[in-house]
1. Residue under question is residue 399, and the condition is that it be more than 16 Å from the ligand (Cβ to nearest atom) and on the phi < 0 side of the Ramachandran plot; does it hold?
2. Could you identify the single residue in 121, 145 that is touching a Lys or Arg at 6+ places or on another chain (Cβ under 9 Å), free of Cβ contacts under 8 Å to residues at least 40 places away in the same chain and under 26 Å from residue 191 (Cα atoms)?
3. Of 361, 344, which residue is within 16 Å of the ligand (Cβ to nearest atom), touching a strand residue (DSSP E or B) at 6+ places or on another chain (Cβ under 7 Å) and free of Cβ contacts under 8 Å to residues at least 60 places away in the same chain?
4. Mind telling me which of the residues 288, 275 ends up being under 19 Å from residue 405 (Cβ atoms), away from the ligand (no atom under 16 Å from the Cβ), surrounded by 16 or more Cβ atoms within 10 Å (Cβ to Cβ) and of a type outside the set (Val, Ile, Thr)?
5. Taking the conditions exactly as written (more than 16 Å from the ligand (Cβ to nearest atom), assigned by TED's automatic domain parsing to the domain that holds residue 272 and under 22 Å from residue 261 (Cβ atoms)), does residue 375 satisfy them or not?
6. Provide a single number: the residues in segment 65-74 that are open to solvent by 80 Å² or more (accessible area, probe 1.4 Å) and part of a loop (DSSP other than H, G, I, E, B).
7. Could you tell me how many of the residues in segment 257-272 are within 16 Å of the ligand (Cβ to nearest atom) and of a type in the set (A, V, I, L, M)?
8. State yes or no: is residue 353 farther than 16 Å from residue 375 by Cβ, modelled with pLDDT under 90, open to solvent by 70 Å² or more (accessible area, probe 1.4 Å) and within 35 Å of the chain's Cα centre (by Cα)?
Amino acid sequence: MYTENSNPVAANRNGVLILNADCAVVFASGTGHDAHIQEKLSALWKNRATTPVSAMFTLKDVNEPITVVSYASAGAGCFVLYRADHGDPLFEFVSSVDFAANILRHFITDPYEAITVVDKQARILYMSPVHEKFFGLSRGGASGQEAGKIIENSGLAGVLRSGKTEVGQVHHMRGAVRVVSRRPIVDADGQIMGAMGQVMFKSPSALEALSEEIRRLRQEISFYERELPRLRGNGQGMEAIVGESDSIRKLKEQIKKIAPLDVSVLLVGESGVGKDLVAHAIHHLSPKGHKDMVLVNAAAIPGNLVEAELFGYEGGAFTGAEKRGRSGKFEQADNSSLFLDEIGDMPLEIQVKVLRTLQDGTFQRVGSSTQRRSNFRLISASNRDFHQMLNTGEFRLDLFYRISAVTIKIPSLRDRLEDVPILAQTFLERFMRRHNVQGKYFGPGVIAYLQSLPWPGNVRQLQHTIERAAIFSEQNEIRCEDCEVPLELQSSNDLSALEHDYHKLVPAAAADKSGKHVDVHQAKARIELDMIKETLLRFDGNKKKTAEHLGISRSHLYKKLAELDLLDV
Ligand SMILES: Nc1ncnc2c1ncn2[C@@H]1O[C@H](COP(=O)(O)OP(=O)(O)OP(=O)(O)O)[C@@H](O)[C@H]1O
């Protein structure tokens with residue numbers, strides 16, 4: 001029998017015992033000499049045929065509990081003995097969990113959370129198989145090598161120096177991005193023994209998505225921080241209406257005069273001219289301006305909910321109603337302004353319902369017979385032609401009188417093209433402020449080009465054009481070709497209506513982007529082409545919807561598409 005007992009410290013705490021097939025001791029070291037321990041392990045080893053010896057277990061009924069790691073071969077049983085202190089988590093873990101070894105094995109071979117263990121000199125003692133594979137090494141190929149030589153950008157040597165744990169670090173290696181944690185490993189006296197790195201192999205893409213989401217949310221927060229002053233109302237007064245033309249000056253005068261008076265105002269004008277802005281400015285300058293204006297989109301209230309939405313309801317008035325009931329828009333607008341947007345699109349049956357409240361300010365909540373009163377200032381807006389609607393009976397005359405004590409017409413942009421430069425500059429600066437972009441500017445000829453366009457979608461369309469140009473312009477300079485203008489006819493969707501407005505559109509279409517003159521047929525074809533392209537895009541290439549929307553037959557559309565070589569769209 002060979003015995004080894006030269007290290008008193010090791011002998012005191014640790015040891016090795018090797019037994020042959022007949023349970024005789026062939027090697028003992030340290031606590032392996034302890035007769036009591038030898039007896040216990042021999043008994044276990046003897047019964048190995050009926051009760052296999054665990055890979056890791058604790059001997060409890062000896063002087064001091066001992067953690068044992070065993071390795072069995074056909075001819076011998078090798079036991080590594082480790083005298084654990086009481087309260088040592090490893091001892092507790094191993095002594096209380098039968099399958100402790102399986103867990104540790106799982107931990108060191110987990111394909112999703114690979115580990116690397118280094119000694120004090122940052123030499124690799126162990127690397128998980130999946131990690132070795134990742135580095136193109138064979139099994140055990142990393143052992144004994146310097147961590148920095150195997151692991152690109154390894155931070156383990158740094159952790160050994162600093163003694164500080166690093167959690168959730170992004171680590172670039174071999175062209176991949178991984179999330180890693182590194183920690184120093186200390187002994188019972190707090191001395192650094194080595195370090196361990198752990199790499200998340202699974203879902204770094206999910207973590208990347210998470211960090212991308214955080215980045216996006218941060219951006220959004222900073223966007224809203226910049227927007228807040230405007231949303232709080234700083235941008236809702238007269239200063240929000242940009243323009244220096246005579247018609248805009250006159251409009252601002254009208255707003256100043258009308259705002260303090262408690263009369264109902266009807267704002268008319270094409271879509272995108274700024275009716276909403278004007279409504280806010282009137283409310284803002286009115287004695288009720290300190291309260292929020294209540295907005296109702298008259299075209300968008302679902303028919304079956306219109307009464308509940310406008311007048312409110314009592315608790316349990318109908319299935320799905322809130323228990324405590326709810327106030328409607330009229331009630332919410334008490335002592336404030338009520339903005340009835342798109343009033344020209346209000347269905348006739350709803351017109352009847354609102355008329356009475358508009359006449360005397362009284363209403364009843366659905367499910368209640370109590371008469372309520374609301375004192376609101378009415379502002380309405382529409383891009384529809386009221387004369388025509390009154391003639392055809394689409395809009396009630398009595399309601400029209402009620403909403404239009406004063407009517408303000410907001411001019412189309414093409415009738416005040418002198419406002420285009422200041423509007424374009426304002427939108428560009430606003431865009432840069434909101435999106436933290438710097439240095440964009442209009443190149444030569446761009447403003448003149450913008451002034452030559454008809455703007456059927458008015459200021460909204462100009463704003464979108466500038467924003468699109470700011471996004472897509474390759475350099476800081478915005479050029480004419482960046483200002484692609486899809487023709488959006490908001491209030492009239494067909495080509496005949498376009499022809500009706502032809503005298504207004506021709507001057508604009510009569511120059512191409514470089515300012516070169518084109519004749520009337522070319523200009524008309526250009527408009528038609530733009531409309532077809534824009535509408536096709538809007539309806540994802542659906543030709544039926546495109547034809548319907550443009551008010552042309554499908555055969556005409558196909559003919560045009562064939563001419564334009566767009567049939568495959
Ligand atoms: N004079 C202006 N100065 C600055 N921005 C303007 C001006 N007129 C319109 N805008 C901007 O153009 C866009 C459309 O304006 P707004 O919604 O007020 O138009 P609208 O006439 O109410 O349109 P719709 O009839 O389609 O509701 C908004 O972003 C608005 O801020």
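1. yes
2. Matching residue, one of 121, 145: 145.
3. 344 is the lone residue from the list that is within 16 Å of the ligand (Cβ to nearest atom), touching a strand residue (DSSP E or B) at 6+ places or on another chain (Cβ under 7 Å) and free of Cβ contacts under 8 Å to residues at least 60 places away in the same chain.
4. 288
5. Spelling it out, residue 375 is indeed more than 16 Å from the ligand (Cβ to nearest atom), assigned by TED's automatic domain parsing to the domain that holds residue 272 and under 22 Å from residue 261 (Cβ atoms).
6. Looking only at that region, the number is 1.
7. So the answer is 4.
8. So residue 353 does not fit the description; no.
The values are calculated or read from the model by the stated rules, or taken from the named source; none is laboratory data. Fair warning: this is a prediction, and the values are worked out from it, not measured in the lab. In this analysis, Cβ positions are derived from the backbone assuming ideal geometry, glycine residues included, and neighbour counts consider all displayed protein chains. Calculation scope for accessible area: heavy atoms of the full protein, side chains included, ligands and nucleic acids excluded. Shrake-Rupley method; radii C 1.70, N 1.55, O 1.52, S 1.80 Å.
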